[in-house]
């Protein structure tokens, strides 16, 4: 007909659902594949009449649902069990039941959102919002009270006159030729559009500011915050002493903390005994920690010869008779408690590391005051090593 | 669309079915009696499991009938007689419950006066948990169920001859009243007959848990009966894929609902970890109970979930038949898991005994017999129902 326009399809409309089912059967039976039916509501049995294959949409749902489940699980596992392990409510780091609600939510969320998105993109070809059927007389009638069928020009069997005759035989109300709309282009950066963007930005940021800074502090939105509950560091009328927080029960010990019973005693009558054997690993751990924490004052070999000598009440040598006579527990006590100007190292060095340092100091002391037996022993070992 | 012209002609059930049911029932009853004399406690607990199974199917079926009326569904109208037949089990519960009432002492710890006297908690619960009130409750609930059964089924049957549309309206009203009665009565039934077996324990979602399992069981029984009849041509020529799909979708939905409720109950108790609540799950984690607990998740959720996930599988009669049988078993395992660990001798783990098998045998025979009985008196299709035609022509 009109040759400078590009034909999209030929459409026919009918009055009843039975007619459209019949038409769909005939059209699919005649071998057309690029055709579509538009009805004001879903007509039962249309899938069979159009010979539609089961939709592939379900796969999107399945894959995205499984993706949601695994993302949620991996994310929580990584966060709370591996990267920054947190004990919550006394549960294990990997507390599966607690993860299930979030896993469930994310599964459902990803599955549904992606199903809708896939549907819009696959069936309505989303970013393209200019479907040739839009704004046609045909679309107006089939979205109201008529039932329509369209045979598209891209169909292999398409031939204008044949299709028109074919459709006419079905006794339609009318037949319509639908063309692709002329391609229109709009410049994006029109002043009007920019103004609109600015307006939207203003409304969104204003709205956000208002709701987060003002609205939230107005009744009734404050109800969530003003609860009759105890808030840490705040007062409360519930208890006679007026404090909201309770003192821990006497004897309470923090998690992972073992109290030191001789804390603060200058000349303890009793000290702990060393729980570690002077093994190679233990001594090398002690050396590492000694070099870091003690050597700046006492020197690498505990001679009291560090560069602080003379600038500070001299850190003493640890090879004095006094220091050699200290029990292991006393050395530990000095590190834990401090002594006069030497501060306590309790908070810097862990319990086990302090014991390792004790073992290392013993090594240094024995090296400086080696007995003859020690020397023969050492030479024997050196000789053995050479022989080996 | 296709207008089915259909003239209903009643077709009897095969006599071999009656024979089959009678054989099952008599074998079951004889073995049950022997079991009762061999180990009374175990037999009573086993009997309770089967009793609750029959309660599930009976009251669940009446619930499905009421649901159809109240939702105005028409796809299920042509198969409504199946749940109606199953709900004929309700009046028989009056007889079936009697052993449980007589031997309450063997089942319920709270029925021991000397135990209550030493137990502060049981004393607090005594105003509710005492034999007199228990018996009253039981008969009131059974009475209500039977009353609603009788009124609704009478209306439905009368319609076959009178074709009076007002009877549908009447039944819609009755259903509206029945649903809250049903909700409350099954909650208390679950509490009375199952939760109170461990009288120190409590869970506020218990009634809903029982409900979710009960609907699955009733739907499975209905679907199984529908498909067996369909395979033998009782529903020809009108029954189509979409009827099956609707049944399958309902089963699928309630399988998920069961999992949702079961997990909710577990999550809260696990999270709070209060000793007075968590011990109930710990008992079910003792010894071999742990396997049954895990089995329950697989049997009642994972398998039916994946078996019914796709659309074609919900229309596949073979698949649906298999899953129906499977879910009936699953609900049985569920009830078994709820009830049996409360037996003193089984607290440390499940030990097999032939006694566990005899009651289900008798139960299956009994259910089939009652089905046949009501089938004989009634039409398979509610031929007077105004929605029947629409239901037969149903398409999704």
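Every number in this text was worked out from the coordinates using simple rules, so none of it is lab data. Computed from a predicted structure; not experimentally measured. Cβ placement follows ideal geometry from the backbone for every residue including glycine, while neighbour counts extend to all protein chains displayed.
Structure data summary
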| quantity | calculated |
| --- | --- |
| Nitroxide proxy distance, nm - points 7 Å out along Cα→Cβ at residue B:73 and residue B:18 | 3.2 nm |
| Per-residue Cβ neighbour rank within 10 angstrom, fewest leading, B:303, A:27, A:249 | A:249, B:303, A:27 |
| Share antiparallel - DSSP beta bridges, the protein assembly as shown, percent rounded to 5 | 95 percent |
| Most mobile listed residue (B:357, B:90, B:338) in chain B, GNM with C-alpha springs under 10 Å | B:357 |
| Helix axis angle, A:96-124 relative to chain A longest principal axis, alpha carbon, degrees | 30 degrees |
| Residue exposure sequence - A:324, B:157, A:255 - by fewest surrounding Cβ within 10 Å | A:255, A:324, B:157 |
| Ascending count of other beta-carbon atoms within 10 Å, so fewest first, for B:161, B:189, A:61 | B:161, A:61, B:189 |
| DSSP beta bridges in chain A [antiparallel fraction, %, rounded to 5] | 95 percent |
| Sum of -39500 (n - 2.57) over DSSP H runs of 4+, divided by residues of the protein assembly as shown (222 nm, nearest 500) | -19000 deg cm²/dmol |
| Where a label projected 7 Å from the Cα of residue A:186 along Cα→Cβ would reach, residues of region A:135-151 with amide N under 19 Å | A:135-136 |
| Listed residues B:145, B:270, B:238, most fluctuating in chain B (Gaussian network, C-alpha, under 10 Å) | B:270 |
| Distance from region A:294-310 to region B:29-47 (C-alpha centre basis), Å | 87 Å |
| Candidates B:20, B:178, B:85: whichever shows maximal mean-square fluctuation once chain B is modelled as a Gaussian network with Cα springs under 10 Å | B:20 |
| Crossing angle, helix A:372-387 versus chain A [Cα axis fit, 0-90 degrees, rounded to tens] | 50 degrees |
| Global geometry of region A:280-369, whether rounded, prolate or oblate, following the gyration tensor of its Cα atoms and the 1.5 cut on a/c | rounded |
| Cα gyration tensor shape of the protein assembly as shown, rounded if a/c is under 1.5, else prolate or oblate by comparing a/b with b/c | oblate |
| Using alpha-carbon coordinates, inclination of helix B:15-38 to the longest axis of chain B, degrees | 10 degrees |
| Compactness index (Cα Rg / 2.2 N^0.38 Å), region A:185-324 | 2.28 |
| Rg over Rh [alpha-carbon atoms, Kirkwood Rh] for region A:57-123 | 1.14 |
| Using a Förster distance of 30 Å, the FRET efficiency for residue B:318-residue A:102 (Cβ separation, nearest 0.05) | 0.20 |
| Over chain A, volume per residue of the alpha carbon convex hull, in Å³ | 413 Å³ |
| Shape category assigned to region A:15-171 from the gyration tensor of Cα positions, a/c cut at 1.5 | prolate |
| Whole-number D in µm² s⁻¹ for region B:12-392, Kirkwood Cα-pair radius fed into Stokes-Einstein, 37 °C, 0.692 mPa s | 152 µm²/s |
| Projected label distance in nm at residue B:306 and residue A:193, using a 7 Å step from Cα toward the beta-carbon | 5.0 nm |
| C-alpha center-to-center spacing [region A:64-116, region B:212-272] in angstrom | 29 Å |
